[in-house]
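*Asks:* Okay, handing you the structure first.
No lab work stands behind these numbers, since they all come straight from the coordinates. Small disclaimer: the values here were computed from a predicted structure and weren't measured. As a convention, Cβ positions derive from the backbone with ideal geometry for all residues, glycine included, and neighbour counts pool all protein chains shown.
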Amino acid sequence: MNKEKLREHIESYKKVKSPGSIQFEEDFQERKERVAYYQKFTPDKLKALTEEEFAEYITHLWAMLMWGNKQYVIDKLISQNGFDQIKNSLVDLLWGEADIEQRWDSFRTKIKGMGPAMMSELLCMTHPKNYMVWNRRALAGLKYIEVEDLPYYDYQCKGKKYKQLCDIAGEICGELKTAGYEDADYLLVDYFIWDELQLEPVLDKINRKTTARSKEEKVLPENEEEKNFIHDEVRDKLYDIGNWLGFNTHIEVKVAEGARVDTVWEAQIGNMGRVIYVFEVQTSGSIDSLLLNLLKSLNNPAVQGVVAISDVTQLEKIKKQVESIQGLSRKLKTWDFQEVLEVHKALESVNEAINKLDLVPQGFYK
């Protein structure tokens, strides 16, 4: 971390939002209200949540800004995970006694559809003296002050890495206290990062497709557990991309006899019928099995396209192997898993910007 650059920006921050200033007090009041709201959800209250209360609890998160239809996200979370499973896992994540590294990884293993941005925000709002908010803006801010080895993709942000990020936020918090922000916590660190460390060249580099990644980053890791994280992340992000593009999207769907696929995009063409696009994510297992599954899916006449997603090495093997499979070779498309994640980041940024226009206003409290 470049402490000199950090301190320069803290001094710049003080010129606009010095302790006691009107601007700072407005932020302080907002932080106070957010923390008070989320700290009300004790273990007992979390376990007693109704689905309507859970929707309100999740809807107020900044991580939900990219979604216009927030109820869609709530329904997806509940249908994919089961409501009791979500509540019990939240209790363990937010109030469990184990180290945050174990609680973080346990939650990510059990719950689909709640990534690091949402998890870290809940942790920070509930325990602002211990945990930071980790999202695209935090990545840009820490990158700007030259923090190394940052997780660019969600699957790279495991419990051990999140714990390290919180330690870094703790250092920033200490610098803010030294500069006169006596009541600084990790939520103030987040406000500071958003106000001071969002430099356009850094944001542009992060938001656009990155073509200069190393060969190692373009190939799936050897660790099976990490492969599973990547599989689920790519599958879920395909779900989101299709939804943002206007399709009805589904996960782990049986589209034909003997063919259950990772993600489906579906469109209704007037009263003429459905058009379906099938996506299979390959992070481990047999390529033969993948191709057979996609071939079977084409038995459904509504399926108009099939797409295999993997890394550059696997995709070359898939392309070579599919050449001999009549009926599939002309219809199969391939997509690098890194490109899927990049497309999701770009669409996430667009949706977040549009929804910030507040065309359908939603207050923090209803």
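*Asks:* How many angstrom lie between the C-alpha centres of region 67-130 and region 217-242?
*Replies:* Spelled out, the Cα-based centre of one part sits 19 Å from the other.
*Asks:* So what's the back-of-envelope 222 nm ellipticity for the chain, counting only DSSP H runs of four-plus at -39500 (n - 2.57) apiece and dividing by all residues, rounded to 500?
*Replies:* So the calculated ellipticity at 222 nm is -17500 deg cm²/dmol.
*Asks:* Also: Let's see if you can work this out: charge +1 on each Lys and Arg Cβ, -1 on each Asp and Glu Cβ, no other charges. What is the dipole magnitude of region 3-207 about its Cα centre, in debye to the nearest 20?
*Replies:* Approximately 400 debye in magnitude.
*Asks:* Projected onto the charge dipole of the chain (+1 at Lys/Arg Cβ, -1 at Asp/Glu Cβ, origin at the Cα centre), which of 188, 223, 21 gives the Cα projection farthest towards the positive end?
*Replies:* 223
*Asks:* Residues with amide H under 5 Å of residue 303's amide H, sequence separation 5 or more or different chain, H placed in the peptide plane at 1.01 Å from N; which?
*Replies:* 276
*Asks:* Do the alpha carbons of any pairs in 76/161; 163/237; 227/320; 40/87; 237/333; 47/70 sit beyond 20 Å of each other, and which pairs?
*Replies:* From the list (76/161; 163/237; 227/320; 40/87; 237/333; 47/70), the Cα-Cα distance tops 20 Å for 76/161; 163/237; 227/320; 47/70.
*Asks:* Using DSSP to define loop residues, name the GluC sites (Glu not before Pro) in region 1-109 whose beta-carbon has at most 11 other beta-carbon atoms within 10 Å.
*Replies:* Details: sites: 4, 8, 11, 25, 26, 30, 33, 51, 52, 53, 56, 97, 101; in loops: 97.
For GluC sites (Glu not before Pro) across region 1-109 that sit outside H, G, I, E and B with at most 11 neighbouring Cβ atoms in 10 Å, the list reads 97.
*Asks:* For a protection proxy built on the mean count of beta-carbon atoms within 10 angstrom, sort 301-313, 70-82 highest first, please.
*Replies:* 301-313, 70-82
*Asks:* Please compute the length gained on full extension between residue 219 and residue 289, using 0.36 nm multiplied by the number of residues separating them and subtracting their Cα-Cα distance.
*Replies:* 23.2 nm
*Asks:* If each of residue 269 and residue 250 carries a label point 7 Å out from its Cα toward its Cβ, how far apart are those two points in nm?
*Replies:* Computed distance between label sites residue 269 and residue 250 equals 1.8 nm.
*Asks:* Grab the Cα-Cα distance for residue 260 and residue 300, subtract it from 0.36 nm times how many residues apart they are, and report the gain in nm with one decimal.
*Replies:* Values: separation 40, 0.36 × 40 = 14.40 nm, distance 1.19 nm.
Extra length from residue 260 to residue 300 when fully extended: 13.2 nm.
*Asks:* Placing +1 on the Cβ of each Lys and Arg and -1 on the Cβ of each Asp and Glu in the chain, which of 113, 89, 41 has its Cα farthest towards the positive end of the resulting dipole?
*Replies:* Of the candidates, 113 comes out farthest on the positive side.
*Asks:* Let me ask something additional. Given R₀ = 41 Å, what would the calculated FRET efficiency be for residue 15 paired with residue 42, taking r from the Cβ atoms and rounding to 0.05?
*Replies:* About 0.55, to the nearest 0.05.
*Asks:* For the chain, what is the relative contact order in percent, using Cα pairs closer than 8 Å and at least 6 residues apart in sequence? Before the final figure, lay out each step's value.
*Replies:* On the way: 448 pairs, mean separation 55.2, N = 366.
Relative contact order comes out at 15 percent.
*Asks:* Ok, one more. Suppose each label sits 7 Å from its Cα in the direction of the beta carbon; what would the residue 79-residue 313 distance come out to in nanometres?
*Replies:* Going from the residue 79 label point to the residue 313 one covers 3.7 nm.
*Asks:* So how do 118, 1 line up by other beta-carbon neighbours within 10 Å, fewest first?
*Replies:* By the 10 Å Cβ count, ascending, the order reads 1, 118.
*Asks:* Still on this structure, please answer the following. Counting other Cβ atoms within 10 Å, keep those with at most 12, restrict to DSSP loop, and tell me which GluC sites (Glu not before Pro) in region 309-345 are left. Walk me through the numbers before you get to the answer.
*Replies:* Working: sites: 316, 323, 339, 342; in loops: 323.
Filter output for region 309-345: 323.
*Asks:* Ok, one more. From the backbone phi of region 147-159, what are the Karplus-calculated ³J(HN,Hα) couplings (6.51 cos²θ - 1.76 cosθ + 1.60, θ = phi - 60°) in whole Hz, Gly and Pro given as x?
*Replies:* 3J(HN,Hα) across region 147-159, in whole Hz: 6, 9, 6, 8, x, 7, 10, 4, 5, 7, 8, 7, x.
*Asks:* So, with +1 on the Cβ of K and R and -1 on the Cβ of D and E, and no other charges, what is the size of the charge dipole of the chain about its Cα centre, to the nearest 20 debye?
*Replies:* Here the size comes out at about 920 debye.
*Asks:* Taking the Cα-to-Cβ direction at residue 323 and at residue 353 and moving 7 Å from each Cα, how far apart do the two end points lie in nm?
*Replies:* Going from the residue 323 label point to the residue 353 one covers 4.2 nm.
*Asks:* Then there's this: Tell me, 286, 21, 89 in order of fewest to most beta-carbon neighbours within 10 Å?
*Replies:* The order, fewest Cβ neighbours first, is 286, 21, 89.
*Asks:* Treating the angle as unsigned and between 0 and 90°, give the value, to the nearest 10°, between the Cα long axis of helix 70-81 and the longest Cα principal axis of the chain.
*Replies:* For 70-81 against the chain, the angle is about 70 degrees.
*Asks:* Quick one: helix 287-297 against the long Cα principal axis of the chain, what's the angle to the nearest 10°, folded into 0 to 90?
*Replies:* That helix lies at roughly 70 degrees to the long axis.
*Asks:* Rank 343, 325, 238 by how far each Cα sits towards the positive end of the charge dipole of region 224-346 (+1 on Lys, Arg Cβ; -1 on Asp, Glu Cβ) and give me just the farthest.
*Replies:* Ranked along the dipole, the leading option is 325.
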